[in-house]
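See below for the structure under consideration.
The values are calculated or read from the model by the stated rules, or taken from the named source; none is laboratory data. Model, not experiment: these values are computed from the prediction. Heads up, the Cβs are rebuilt from the backbone with ideal geometry, glycines too, and the neighbour counts pull from every protein chain shown. Ligands, DNA and RNA are stripped out before the accessible areas are found, and what is left, the full protein with its side chains, is counted by its heavy atoms. Shrake-Rupley method; radii C 1.70, N 1.55, O 1.52, S 1.80 Å.
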Amino acid sequence: MRQRTPIAAFPGRDETVDLLLSWIWLAVVIWLIARAFQQRGLLQSLKAAEPPPADRAPKVAVIVPARDEAANIDRCLRSFVAQTYPASRLRIVAIDDHSRDRSFAIASALAQTCPQLTVLRSPPLLPHWVGKSHACWIGARAVAEGADWLCFVDADVWAEPALVASAIAAANAGALDLLSLAPRQELQSFAERLVMPCGLYLLALCQDLRTVHARNSSEVTATGQFMLVRRTCYETVGGHAAIRGAICEDLMLARLLKRSGSHAILQDGRRFLSTRMYRGWSTLWIGIAKNLSEMLGGPMRTIAIAAAAVALAWAAWLIPLSDALHCAQGSCGSCVGLIPATLGSAAAFGLHIAGASYFGVPPWYGVLFPLVYSAGALIAIDSVRRRLSGRVTWKGRTYP
């Protein structure tokens, strides 16, 4: 009599799905890690350089727009006053954008002992202007013909003494018209440590540095925390006046420069420049939401990226868990699938734990990344809502 083959010898539909999902998951994680390493390799680090002789040094104007920066402005300005760049060729201009705290008083007191430093009050904000762009424009006009390079920096950054000399050397060596530097992030509060590393991973993975750094590409990436711009190029495109209403003014200015033929790149400046952008949930949420939609390429792309990030983040928990449960119920295919699923999830957790260490925060923050991307998705939805409503609020102002 012919013996029947046990049904269990053939994989059922559920275990076939488990096995397929597990291998897909491992392949996706491998691709993401490979892309992360590729992007990191394409981001050049700013190299240290000696200051040039004063008679050959181009004139540089550091422009610092500030609104409600009493906690940061002193350290920022002192770090630029202390640059190794020839003092006779370096000017620092701080523009107070109607601060409601002691920012102007702190900067003015420092200016009394630092001849390089000039502190200005921004005139009343004009219609259809964003405050930061207006302050940058006032600063750029104040230095007028007296500078070869304009260096726009945020008031929440502080610099190592060799920053300006090294940035000028890099710009000259690369024949650049715009050099933007990504600073080291100082993360202290729970909210900063939780959200910022994953947010920066996401931004890095969503852009192709090989493309944005290519001279023949119209795409560009930049951060307004440090933008060194050749003055003639800045004036040719109309400067900040040309992007006066943009919330994401750094990216818009960089794009305007790149599309006019300027050579613009982003480099890693963490050895020379540091920042603490936010102080907790209250500033972090609105600080990211105000321009995240623009940074990710618009509402539809922002929602799609947020949804994909949440799905992939929770897959690190759910796919191995599903395999383990079905394996315990006797599914051979799920037991086999548990191997690639576990490897993929271990790699995903390892990447985020390593990232936490890179940003100087306790490694256990890396384990929480599914929760982080879920919170990030809520911020993304809020960012889209703000953009579609046409109203963004930041530092006491609402922009239509």
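In the assembled protein chains, L209 presents an accessible area of approximately 10 Å² (probe radius 1.4 Å). Placing pseudo-labels 7 Å out from each Cα toward the beta carbon at E219 and C332 gives an inter-label distance of 4.6 nm.
Positive-end ranking of H213, P53, S133 along the dipole of the chain, with charges on Cβ about the Cα centre, is headed by S133. Place a point 7 Å from the Cα of R75 along the Cα-to-Cβ direction; which residues of region 153-186 have their backbone N under 20 Å from it? Zone members listed by number: 153-164, 181-186.
With protein chains left intact and a 1.4 Å probe, residues in the chain average 47 Å² of accessible area per residue. In terms of its Cα atoms, region 24-132 spans 62, 42, 27 Å along the principal axes, sorted from long to short.
Quick one: if the Förster radius is 30 Å, what FRET efficiency do A54 and R270 give, using the C-beta to C-beta distance and rounding to 0.05? Before the final figure, lay out each step's value.
On the way: r = 28 Å, r/R0 = 0.95.
After rounding to 0.05, the efficiency reads 0.60.
Give the distance, in whole Å, between the Cα centre of region 278-318 and the Cα centre of region 222-245. Distance between centres, Cα-based: 27 Å. As a rough guide to protection, the peptides 146-157, 168-179 ranked by mean Cβ packing within 10 Å, highest first, stand as 146-157, 168-179. For the chain, complete DSSP H runs whose alpha carbons reach 18 Å or more along their own long axis and whose mean Kyte-Doolittle score is 0.0 or higher are 13-42, 131-143, 190-205, 299-328, 332-358, 369-389.
Per-residue SASA remark: I24, around 80 Å² accessible (1.4 Å probe; ligands, DNA and RNA not included). Each label was represented as a point 7 Å from its Cα along the Cα-to-Cβ direction; for A311 and L203 these points are 2.5 nm apart.
About the Cα centre, and with charges only on the beta carbon of Lys, Arg (+1) and Asp, Glu (-1), how big is the dipole of region 90-231? Nearest 20 debye, please. Don't jump to the answer; show the numbers that get you there.
Details: 12 positive and 13 negative charges, 35 e Å.
Here the size comes out at about 160 debye.
Here the relative contact order of the chain, from alpha carbon pairs under 8 Å that lie six or more residues apart, stands at 22 percent.
Calculate the dipole size of region 29-153 relative to its Cα centre from +1 charges on Lys and Arg beta carbons and -1 charges on Asp and Glu beta carbons; express the result in debye to the nearest 20.
Values: 15 positive and 10 negative charges, 52 e Å.
Magnitude of the dipole: close to 240 debye.
Unpaired Cys in the chain, meaning no second Cys C-beta under 4.7 Å: C76, C114, C136, C151, C198, C206, C233, C248, C332.
Around the Cα centre of the chain, unit charges on the Cβ atoms of Lys, Arg, Asp and Glu (plus for the first two, minus for the last two) sum to a dipole of about 480 debye. Put simply, the C-alpha atoms of region 220-320 give a gyration tensor, and the ellipsoid matching it has half-axes of 31, 17, 15 Å, longest first.
How large is log10 of I(q)/I(0) for the chain at q = 0.07, 0.14 Å⁻¹ when the intensity is taken from the Debye formula with one equal scatterer per alpha-carbon? Summing over Cα pairs of the chain leads to -0.38, -1.25. Less than 16 Å from a label point 7 Å out along the Cα-to-Cβ axis of S189: which backbone N atoms in region 278-299 qualify, by residue? Counting only backbone N, you get 278-290. Identify the residues of region 302-321 with backbone N under 13 Å of a label point that sits 7 angstrom from the Cα of I24 along the Cα-to-Cβ direction, or state none. Hits in region 302-321 for I24 at 13 Å: 312, 315, 319.
Loop-located trypsin sites (Lys or Arg not before Pro) in region 193-252 (DSSP state not H, G, I, E or B) with no more than 14 neighbouring Cβ atoms inside 10 Å: R215.
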